[in-house]
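Computed from the coordinates by the stated procedures, all read-outs in this text should not be read as laboratory data. A quick note: this is a predicted structure, and the numbers were derived from the prediction, not measured. Here the Cβ positions follow ideal geometry from the backbone for every residue, glycine too, while neighbour counts run over all protein chains shown.
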Ligand code: ADP
Ligand code: MG
Ligand code: MG
């Protein structure tokens with residue numbers, strides 16, 4: 001097994017081995033595109049390096065052999081004194097991690113070869129510019145010198161020249177800068193910059209390996225759910241030079257607009273520039289369209305290649321290229337990142353262009369993207385004060401307090417403030433702040449700048465390159481041209497879809513996607529794209545999608561969003577508000593008659609609740625859960641009530657009601673209410689309560705029948721652990737239903753099922769199925785009971801440690817713990833169907849709307865998932881994607 005591969009040996013499907021960059025460089029090489037030659041050191045090598053703490057055996061020899069053939073192909077030797085071969089050393093993992101890891105350009109230059117390069121190119125300024133770049137990049141990334149020191153020295157040199165542009169530095173300035181940079185390196189590291197070319201190469205390769213484990217790379221991976229153990233490949237490639245004068249340059253491009261999905265190329269170009277200059281915002285770039293005026297031949301070549309790449313990859317690609325003295329070179333391509341809006345539009349456009357089929361279009365969008373599209377946008381009709389306009393880098397409407405550094409962003413967000421991170425430009429160190437912020441605003445850089453790329457990846461709203469803003473991070477403020485100043489803490493609003501920046505908080509309005517789901521007829525390309533994708537996903541999926549809804553309004557909305565019934569209607573909220581008093585009466589009732597009376601008062605109210613919901617979901621199943629939480633949740637707080645009673649006593653007053661209530665609150669108080677008197681246990685301890693609910697449901701169904709409706713209520717018993725519990729409750733409920741049928745002269749078809757939310761229930765599901773018409777996995781409780789921790793207590797306490805240690809990489813409350821809790825779901829389903837092969841099995845709880853969990857539930861053969869109304873479209877889409 002080799003460690004190293006020539007570009008000509010690989011292809012785009014070898015991302016695991018060659019990393020994304022390496023695999024695509026290989027693909028472009030095979031396609032015959034102009035790619036500077038080179039080789040890729042595999043990700044496997046990196047894994048071996050990280051495991052062994054050093055270069056694996058045989059690597060040095062392989063690098064030597066491949067370097068030798070590269071030298072032969074280029075007819076130059078690395079760092080040669082007269083005519084040096086220079087190379088770039090580029091990181092490239094399987095999944096792109098923009099700006100997270102290291103790349104070093106111009107490796108091979110030293111005090112001697114810089115003269116050779118100057119002589120051969122007849123351009124001393126160019127050679128020195130290349131050398132100072134090597135010192136700067138090598139110093140910063142390989143030798144770990146604070147990169148600020150270099151950029152300060154560079155700024156100082158520009159100031160001395162009286163210029164803002166690096167282009168105005170002449171050969172003498174650059175020669176001096178080279179000396180300064182070398183001195184910085186010597187001073188900071190205690191050793192000279194390594195002059196030996198091969199040593200430079202080896203150190204740079206090692207630095208790329210090491211960069212896999214920097215803090216920011218780890219944070220990024222956690223954020224993007226990229227596995228920790230992949231490692232990165234290293235690409236060693238012959239340099240081409242975009243800093244060779246004004247007929248050279250460097251650029252980035254997309255084959256379609258990554259923000260809107262609009263057809264037509266999109267990109268930035270910068271003359272006389274190398275590498276990261278384009279995205280770093282050091283000078284203002286020109287658009288691709290303008291590049292055609294500067295260098296028509298290269299532009300035409302580029303257009304031809306972009307069309308070819310898009311047809312070849314059958315997807316939107318992004319591209320990095322360089323022009324060296326009028327000759328175009330391709331340095332990178334990959335399937336480009338895009339906003340959610342662009343993802344939907346591009347997928348459907350490509351179907352219409354005959355590039356892909358509908359199945360594939362559905363696979364190219366995600367439920368998370370759809371969820372982002374359902375966020376509100378700024379209200380066009382509201383009054384607002386425009387401060388500036390930048391680029392629409394990542395869509396959404398974000399309102400928050402302006403902050404000017406990551407620390408403040410993190411701190412303020414942690415205390416519950418919405419913040420907008422405002423920077424001149426962002427760099428990888430700003431990642432923490434970007435994660436914490438609602439939105440990101442920069443005054444420099446285009447749609448391909450660091451801020452834009454990272455924000456799009458995270459789904460954060462971002463406006464970049466708002467050039468009229470003068471951002472002063474030190475003073476914690478930004479000034480707008482006409483004299484307005486926005487300071488830290490002032491509220492601003494940014495629109496990532498238009499690039500606008502407003503003073504104050506602008507009101508927001510519904511998204512077009514939501515309006516489409518609500519049934520509005522819209523002439524809107526995005527709405528059409530979403531509609532077509534949803535229709536196709538619906539046609540493909542097996543899994544049904546229901547909603548969790550407790551009110552007729554929620555039920556009706558979810559139905560418009562495509563819900564096929566209610567999977568969980570909670571009844572606890574129906575006992576709050578004014579009804580608390582009735583619950584109190586029930587609890588303090590002295591005798592059977594008192595209990596009867598309290599229940600009788602609750603019955604009509606409860607019946608009305610159910611009638612409304614059955615009407616909103618007419619014709620579709622409505623699963624109503626009997627009362628689940630501990631009763632004391634409906635009573636006053638123990639401490640507060642004790643104080644109240646004590647104070648009254650002190651004043652010599654006697655408040656009979658409060659005193660009685662206190663006795664009962666004390667009686668019902670529990671150390672661990674989550675494990676106390678709740679769920680089915682309530683039904684056994686206070687049978688009248690469940691039976692009142694069952695009666696209300698049966699009567700509501702009878703009322704709906706009388707009104708010519710089609711009620712399909714299902715009664716769900718929570719927290720069952722033993723089949724006996726369910727049998728006892730079930731028998732009593734059946735009796736009540738029979739009474740109502742008899743009294744009303746109707747036949748009611750009401751299924752009685754149970755939640756499976758205790759490990760014991762999952763384990764004994766075959767027995768429980770004997771008494772259940774259906775199962776619904778309550779994965780919230782099941783997760784709590786399986787792990788033995790309560791959601792309310794642990795998420796903010798020790799979870800961050802658990803993430804750090806990789807015990808889990810996402811909260812098990814957010815995405816199902818497939819192995820553990822999922823294992824119980826699978827076992828419970830299998831066992832339940834051993835008893836009743838046609839058993840309907842659903843899931844309710846947050847996981848029903850989580851994409852990964854939906855795929856799992858589909859795989860193990862559940863009948864439906866149930867989730868909150870806004871997640872219904874997400875679940876529909878993911879259920880379709882799971883099949884395709
Ligand atoms: P990143 O993964 O951060 O994009 P890259 O490895 O793509 O890092 O390098 C950044 C930039 O450096 C490239 O976009 C390109 O402009 C420049 N670069 C890399 N290799 C070469 C090369 N062989 N010749 C010229 N420029 C290069
Ligand atoms: Mg790149
Ligand atoms: Mg529960």
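Here are a few things to note about the model shown:
- The distance separating the Cα centre of region 129-198 from that of region 227-251 comes to 19 Å.
- Principal-axis analysis of the Cα atoms of the chain puts helix 592-616 at an angle of about 50° to the longest axis.
- In terms of its alpha-carbon gyration tensor, region 498-584 comes out oblate; a/c meets the 1.5 threshold, while b/c is at least as large as a/b.
- Full-stretch length increase - residue 52, residue 72 - with 0.36 nm per residue and alpha-carbon distance subtracted: 4.0 nm
- The chain: relative contact order as a whole-number percent, Cα under 8 Å and 6+ apart: 9 percent
- Taking the C-alpha atoms of region 128-267, convex hull volume expressed per residue in Å³: 176 Å³
- Ranked 787, 412, criterion: other C-beta atoms within 10 Å, fewest first: 787, 412
- For region 249-335, relative contact order (Cα pairs under 8 Å, six or more residues apart, normalised by length) works out to 30 percent.
- Using just its DSSP H runs of length 4 or more, each adding -39500 (n - 2.57), the chain gives a mean residue ellipticity at 222 nm of -14000 deg cm²/dmol after division by all residues.
- Pairwise centroid distance, computed over Cα atoms, of region 373-429 with region 39-79, Å: 44 Å
- Taking a point 7 Å from the Cα of residue 657 along the Cα-to-Cβ direction, the residues of region 570-597 with backbone N closer than 20 Å to it are 575-591, 594-597.
- With the simple spin-label model, which puts each label point 7 Å out from Cα in the Cβ direction, the residue 637 to residue 746 separation comes to 4.3 nm.
- Cα pair count fraction exceeding 20 Å, expressed as % - region 758-813: 38 percent
- 0 to 90° range, to nearest 10: angle between helix 340-352 axis and the chain longest Cα axis: 80 degrees
- Once the Cα atoms are used to define both axes, helix 656-668 deviates from the longest principal axis of the chain by about 60 degrees.
- Interatomic Cα distance distribution for region 810-850, bins of 10 angstrom, percent: 28, 47, 23, 2
- Hypothetical label at residue 540: residues of region 348-365 whose amide nitrogen lies under 14 Å (7 Å Cα-Cβ projection): 348, 351, 356-365
- Label-point gap, in nm, between residue 570 and residue 385 - each point 7 angstrom along Cα→Cβ: 4.2 nm
- What the Cα convex hull of region 30-185 gives, in volume per residue, is 157 Å³.
- Spatial separation of Cα centroids for region 596-632 and region 488-503, in angstrom: 45 Å
- Beta bridges from DSSP with both residues in the chain: antiparallel share about 60 percent, rounded to the nearest 5.
- Per-residue Cβ neighbour rank within 10 angstrom, fewest leading, 381, 260: 381, 260
- Alpha carbon convex hull of region 375-509, volume per residue in cubic angstrom: 87 Å³
- Anisotropy class of region 451-495 from Cα gyration tensor, a/c 1.5 cut: prolate
- Rounded FRET efficiency, nearest 0.05, which uses the C-beta distance separating residue 312 from residue 214 and R0 of 30 Å: 0.35
- Inverse mean reciprocal Cα-Cα distance (Kirkwood Rh) of region 249-335, Å: 12.8 Å
- Largest to smallest principal axis extent of the C-alpha atoms in the chain, angstrom: 106, 65, 56
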